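As structure tokens, the structure follows; a few thoughts come after it.
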Amino acid sequence: MTKACYQWKKSELNQNIDPQIIKKYKISPLLEKTLISKGYTSEEQIESLLSNEVLFHDPMLLSDMEKATSRIHKAIENDERILVYGDYDADGVTSTTILVKTLESMGATVGWYIPNRFTEGYGPSEAAFRNAHDEGVSLIITVDNGIQGHHEIDIANELGIDVIVTDHHEFGETKPNAYAIVHPMHPDFNYPFKYLAGVGVSYKLSKALKADIPDAFLGLVAIGTIADLVSLTDENRYMVKQGLRILNEQPLPGIKSLLSVADFTDEVSEQTVGFIIGPRLNAVGRLDDARLAGELLMSDDDDEAMFLAEEVDQFNTERKAIVENITNEAMELAEIEMQQNAQFLILAKEDWNEGVLGIVASRIVEKYHLPTIVLNVDIEQNHAKGSARSIEQVSMFEFLTNHSDLIRKFGGHHMAAGMTLDIDAIEPLKKALNQDMHKITEGKKLLPQLIVDAEIETSDITVDNIFDLERLRPFGTDLLAPLFSISNVPVKSVKGIGQGNKHLKLTLTDKNIAALHWNAGHLIHDISNDTTINVAGSLNVNEWNGHQSPQIILKDLALSNDHAIFDYRSKNKQDLLKIDQDNALFVINLSSEKINEQYIHYGDTYPNEVETCVLRDLPQDLETFKQTLSNIKAEKYYLVFKGQTNSYFEGIPSDEKFKQAYKALYMNQSTNIQNDGMKLCEALKIKPDQLKFILNCFYELNFITMNHGIIEINKDAGKTDIQNAPLYQARKQQIEIEKTLLYNDSQSLISWIHSLLSDVEEEV
């Protein structure tokens, strides 16, 4: 049964936008529905979203900004050694690049350091801080980290190093003893926007230090902000919009080269950052030292940048291969767990690269929709280390907190976490977490949630309306690309596309709206022409040969009815019928032999529910057909109807032909049908089969006698209507059956059978 893979969660906001606002901002109906669903209904809210006006809060409003900038200026004046201490992800390396390049332009003696994920982990490193002291560093500025570095900052203070923390991550119960903390969520300050990325904070600090920093830095802000999945609202939105413009007009050599090696030549959008730039910058830190990514972004030479970009791209290729291998191995372990009815997956193995386990965990969750922990087992260290990903219905942080006694170290939030635990603790943790999940699920499968912005009509789907949605870009966290649902959409055509028909393409409604469903080619056997479905997906405009047409990129679909009906009446289609023979029921004519218990005759009852019912043969009459359908409960019905006799096309001779035939026989008194049959056909202007039918009807009513091909009139026969002949009635019934079940158009037939299955019969 083609059921929804997601639980569709629709917006319940019951608000409206003032018609005057709609008119002022020229808001289309589709955009209006989207704005309402996302809670943008006031003029101020809509203005902030649709306007291109500058929205950039004063950097000096950030916590300790004056203190931080004064200390940095002092360091530059005194020629102190400054170290910018970054992080190994895209947000970290873009943050590092902006601040280092700014300080260099101010004449500072500055170096930079990015910790190694595998040997040092995230955040400040005591060893790195001690090494900085040995090299004469007197000021460390952290970017995209540091707010949890209490111990390391205390060590720096003991060594006589001042530490300025610039970060955006959550504060702990206490603040580190840093010289200054520049942070949008600092509890003692009231910065207007709390959700800057690390790169946003770094950019703000740079602007506070030097007003005329390069516009190209906004491109780096866009990359770090999008890659770190922070809120794309308020000033983040403004900076990302400007940054995307700059990435298209004047990107830094490193970004230009990175796009070149990726063979990307289209317009740079938030999707480009999310799927091309971000993953490549992250790949280096996932597999090795992220310094290479920093060197790429800081390069001012085109040739050097191209060389470094090729190196970075190679890391990304290796990352993909490693992810693929580990994912395959993890999937095998997951299948074993699923066979044991696992509700919380913990997958652990030696020699898994810790840097990619978050990606692997996400893929496992995507397939099974179960909270998942993927761990690398290190026998020498006697620990397992890895990443966790959750589902909407389960807080990973809360679950792990409840069993913190089994975990050495962990951190995270609702949807994701990282952790280290003893090897011996893996099985107890697995058991405990599965028990917790069973309490929530009670043995029922939890469907992933799909946030649907609005229910729309097919009339809303126009090229102009879809282009109007582009005014909401860039899409991202807190402003996701809109998803729409449409109910009871008739399918006009179904086909598989791509290699091996991997993908599904539907044509919907009389408007011929194209709908694409990636990696759903298998549904071609579950959806037929004239099936009515519910769909959820995004809208875009397809451009081909200068022609623009709307299309839907499906995220999910489901049959509108509790059952599906597939028309396989043509011989060509019958050959393509692919069903699970073991789970199918075949309904056959009384004249056909039952092969096994999965075959029943029309008129028989079948007490069990089945997945598939194949109506293989034509029934003997429509009443028996209706009766049989009422006694069968199936998810899918396949209409085959073999055994047609073409009675519908042969028809029944008119009453006048019957009269003419009888008159001719009466005048001859005796007719040798073998000798005179063709002459009689010519005289009556009928075909031999029709003559044969007429004669058999006469014989059934005792109008004639037939003896060795000699036909004679029975003068003793009583008067009776020709329609009383059993053969006449059988032909009439067969014509009705063929007309209804064989030669009716597909849509009408399927609708009629739907009505029978719903106990509300429609006319065919």
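The values are calculated or read from the model by the stated rules, or taken from the named source; none is laboratory data. As the structure is a computational prediction, the values presented were derived from the model and not from experiment. Cβ placement follows ideal geometry from the backbone for every residue including glycine, while neighbour counts extend to all protein chains displayed.
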Tell me which of these Thr720 doesn't satisfy, since it passes every other one: (1) free of Cβ contacts under 8 Å to residues at least 12 places away in the same chain; (2) over 23 Å from Asn589 (Cα atoms). (1)
Sole residue being crowded, with 18+ Cβ neighbours inside 10 Å, of a type outside the set (Val, Ile, Thr) and under 19 Å from Asp436 (Cβ atoms), chosen from Met419, Met415, Met338: Met419
Can you work out which of the residues in region 394-405 that are in contact with a strand residue (DSSP E or B) (Cβ under 8 Å, 6 or more places away or on another chain) and surrounded by fewer than 21 Cβ atoms within 10 Å (Cβ to Cβ) is nearest to Gln343 (Cα to Cα)? Phe397
Within region 742-756, does at least one residue satisfy the condition of being touching a strand residue (DSSP E or B) at 6+ places or on another chain (Cβ under 6 Å), of a type in the set (Gly, Ala, Ser) and in contact (Cβ under 8 Å) with a residue 60 or more places away in the chain? yes
Only residues that are surrounded by fewer than 16 Cβ atoms within 10 Å (Cβ to Cβ) and hydroxyl-bearing (Ser, Thr, Tyr): list them for region 42-100, please. Ser42, Ser51, Ser70
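Residue-by-condition table, conditions (1) modelled with pLDDT under 95; (2) not charged (D, E, K, R):
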site	(1), (2)
Arg280	no, no
Gly285	yes, yes
Glu295	no, no
Met306	no, yes
Glu310	no, no
Ala330	no, yes
Ile346	no, yes
Glu354	yes, no
Gly358	yes, yes
Scope region 177-209; condition in a loop (DSSP other than H, G, I, E, B), surrounded by fewer than 22 Cβ atoms within 10 Å (Cβ to Cβ) and among the hydrophobic types (A, V, I, L, M, F, W, C); matching residues: Met185, Phe189, Phe193
Check whether at least one residue in region 645-659 is in contact with a strand residue (DSSP E or B) (Cβ under 7 Å, 6 or more places away or on another chain), among the β-branched types (Val, Ile, Thr) and not in a helix (DSSP H, G or I), and report yes or no. no
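Quick grid of which residues meet (1) surrounded by 16 or more Cβ atoms within 10 Å (Cβ to Cβ); (2) of a type in the set (Phe, Trp, Tyr); (3) in contact with an Asp or Glu (Cβ under 7 Å, 6 or more places away or on another chain):
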site: Glu635; (1), (2), (3): yes, no, yes
site: Leu639; (1), (2), (3): yes, no, yes
site: Phe658; (1), (2), (3): yes, yes, no
site: Gln674; (1), (2), (3): no, no, no
site: Gly677; (1), (2), (3): yes, no, no
site: Leu680; (1), (2), (3): yes, no, no
site: Phe693; (1), (2), (3): yes, yes, no
Residue check, Ile704 outside the structural domain of Ser570 (by TED's automatic domain parsing) and within 30 Å of Ser630 (Cα to Cα): no
In region 106-162, residues that are under 44 Å from the mean Cα position of the chain (by Cα), β-branched (Val, Ile, Thr) and surrounded by fewer than 22 Cβ atoms within 10 Å (Cβ to Cβ) total 1
Does region 602-612 include one or more residues that are outside any strand (DSSP E or B) and in contact with a Lys or Arg (Cβ under 7 Å, 6 or more places away or on another chain)? yes
Condition check for Ile373: modelled with pLDDT of 95 or more and in a helix (DSSP H, G or I): no
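Conditions (1) more than 25 Å from His754 (Cα to Cα); (2) in a strand (DSSP E or B); (3) at pLDDT below 95, marked per residue:
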{"residue": "Asp510", "(1), (2), (3)": "no, no, yes"}
{"residue": "Ile524", "(1), (2), (3)": "no, no, yes"}
{"residue": "Asp530", "(1), (2), (3)": "no, no, yes"}
{"residue": "Asn534", "(1), (2), (3)": "no, yes, yes"}
{"residue": "Leu539", "(1), (2), (3)": "yes, yes, no"}
{"residue": "Asn542", "(1), (2), (3)": "yes, yes, yes"}
{"residue": "Ile552", "(1), (2), (3)": "yes, yes, no"}
Answer residue from region 660-672, given it is small (Gly, Ala, Ser) and either touching a Ser or Thr at 6+ places or on another chain (Cβ under 7 Å) or assigned to a helix (DSSP H, G or I) (or both) and is surrounded by the fewest Cβ atoms within 10 Å (Cβ to Cβ) among those: Ala664
Quick one: which of Asp464, Asp405 is out of contact with any Asp or Glu (no Cβ under 9 Å at 6 or more places or on another chain), within 30 Å of Gly121 (Cα to Cα) and outside any strand (DSSP E or B)? Asp405
Quick test for you: out of Ser260, Ser269, Ser231, pick the one residue that is in contact with an Asp or Glu (Cβ under 7 Å, 6 or more places away or on another chain), over 29 Å from Val110 (Cα atoms) and hydroxyl-bearing (Ser, Thr, Tyr). Ser231
Evaluate region 696-707: report whether one residue or more is in contact with a Pro (Cβ under 8 Å, 6 or more places away or on another chain) and of a type in the set (A, V, I, L, M, F, W, C). no
Of the listed residues (Asp422, Asp436), the one being among the charged types (D, E, K, R) and within 21 Å of His369 (Cβ to Cβ) is Asp436
Sole miss for Thr174 among (1) in contact with a Lys or Arg (Cβ under 8 Å, 6 or more places away or on another chain); (2) under 29 Å from Gly386 (Cβ atoms); (3) loosely packed, with under 15 Cβ neighbours inside 10 Å is condition (1)
Any idea which of (1) modelled with pLDDT under 95; (2) touching a Pro at 6+ places or on another chain (Cβ under 9 Å); (3) of a type in the set (A, V, I, L, M) is the one Ala156 doesn't satisfy? (1)
When region 598-620 is checked residue by residue, the ones that are of a type in the set (D, E, K, R) and modelled with pLDDT of 90 or more are Asp604, Arg616, Asp617
